[in-house]
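Student: The structure is given below, and queries will be raised subsequently.
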Amino acid sequence: MSDQQVDQGKRTWLIATGCAGAVGGVATAVPFVSTFAPSERAKAAGAPVEVDISGIKPGEKLTVEWRGKPVWIVRRTAEQVEALKKNDAQLADPNSDRKAYPTPDYAKNGHRSIKPEYFVAVGICSHLGCSPSDKFASGPQPSLPDDWTGGFLCPCHGSTFDMAGRVFKNKPAPDNLEVPPHMYLSDAKLLIGEDKKA
């Protein structure tokens, strides 16, 4: 047996094992790489949520989940909508100009909504992520000013928000409540998470 024949045998063996290793590596890598794709559950969590709002009476709130966050749909009474004008001087950002939680253009108004009677917001305080409580009744109440016109109170550190989710001055919360992208599919159907028709 010559040296050349031995080298040829080693070479064939090395090529064969290298190919087998490459096939095994690809077979292992494909399932591993596929784990980086979002799961069906993750896709569903980020998907827009369709909500039937026909059963919400004036003065009531419905909470749904979108992207793992509570989203409030509040049907304000005519009195609650009218009272929003009284709060401007007491608010930290009455026109929703701050950019931490950019307000969609269609909600850059005094009622921060597409339709004045419906308010849609992410129910998480902009301070430390607590969920504010409903304080819809107007008038003096514990932990609220005597001229309270209705809104939300964060129990963690006392931040107060009006019925449009606008934060009052000199409170720990730095920004208004977030208004998520949304649109009306009909008078009774609201789509949260999308605001442009395809």
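Student: Considering region 113-128 alone, what residues qualify as being more than 17 Å from Lys171 (Cβ to Cβ) and assigned to a loop (DSSP other than H, G, I, E, B)?
Tutor: Within region 113-128, Ser113, Ile114, Lys115, Pro116, Glu117 qualify.
Student: Being out of contact with any strand residue (DSSP E or B) (no Cβ under 6 Å at 6 or more places or on another chain) and either under 19 Å from Val64 (Cβ atoms) or of a type in the set (Gly, Ala, Ser) (or both) is the filter here, so list the residues in region 165-183 that pass it.
Tutor: Pro181
Student: Could I ask something else about it? Need the failing condition index for Phe152 against (1) over 20 Å from Pro70 (Cα atoms); (2) modelled with pLDDT of 90 or more, just the number.
Tutor: (1)
Student: Taking Tyr118, is it of a type in the set (Ser, Thr, Tyr), in the same structural domain as Asp162 (by TED's automatic domain parsing) and at pLDDT below 90?
Tutor: No; evaluated as a whole, the condition is false for this residue.
Student: Next question. All but one of (1) surrounded by fewer than 16 Cβ atoms within 10 Å (Cβ to Cβ); (2) modelled with pLDDT under 90; (3) under 25 Å from Pro48 (Cα atoms) hold for Asp187; state the number of the condition that does not hold.
Tutor: (2)
Student: Another one. Within region 137-149, which residues are in contact with an Asp or Glu (Cβ under 9 Å, 6 or more places away or on another chain) and either buried (at least 16 other Cβ atoms within 10 Å of the Cβ) or outside the structural domain of Glu60 (by TED's automatic domain parsing) (or both)?
Tutor: Ser138, Thr149 - these are the residues of region 137-149 that are in contact with an Asp or Glu (Cβ under 9 Å, 6 or more places away or on another chain) and either buried (at least 16 other Cβ atoms within 10 Å of the Cβ) or outside the structural domain of Glu60 (by TED's automatic domain parsing) (or both).
Student: Is it fair to say Gly193 is among the small types (Gly, Ala, Ser) and either surrounded by 17 or more Cβ atoms within 10 Å (Cβ to Cβ) or in contact with a Phe, Trp or Tyr (Cβ under 7 Å, 6 or more places away or on another chain) (or both)?
Tutor: yes
Student: Let me ask something additional. Mind checking whether some residue in region 123-136 is among the aliphatic types (A, V, I, L, M) and crowded, with 16+ Cβ neighbours inside 10 Å?
Tutor: yes
Student: Still on this model: Check whether at least one residue in region 111-121 is touching a His at 6+ places or on another chain (Cβ under 9 Å), of a type in the set (D, E, K, R) and surrounded by fewer than 16 Cβ atoms within 10 Å (Cβ to Cβ), and report yes or no.
Tutor: Within region 111-121 (the criterion being touching a His at 6+ places or on another chain (Cβ under 9 Å), of a type in the set (D, E, K, R) and surrounded by fewer than 16 Cβ atoms within 10 Å (Cβ to Cβ)), the answer is yes, since at least one residue qualifies.
Student: Only one of Arg67, Arg112, Arg98 is basic (Lys, Arg), on the phi < 0 side of the Ramachandran plot and within 21 Å of the chain's Cα centre (by Cα); which?
Tutor: Just one listed residue meets the conditions, Arg98.
The values are calculated or read from the model by the stated rules, or taken from the named source; none is laboratory data. The structure displayed is predicted, hence computed values, not measured ones. Neighbour counts run over all protein chains shown; Cβ positions are idealised from the backbone, glycine included.
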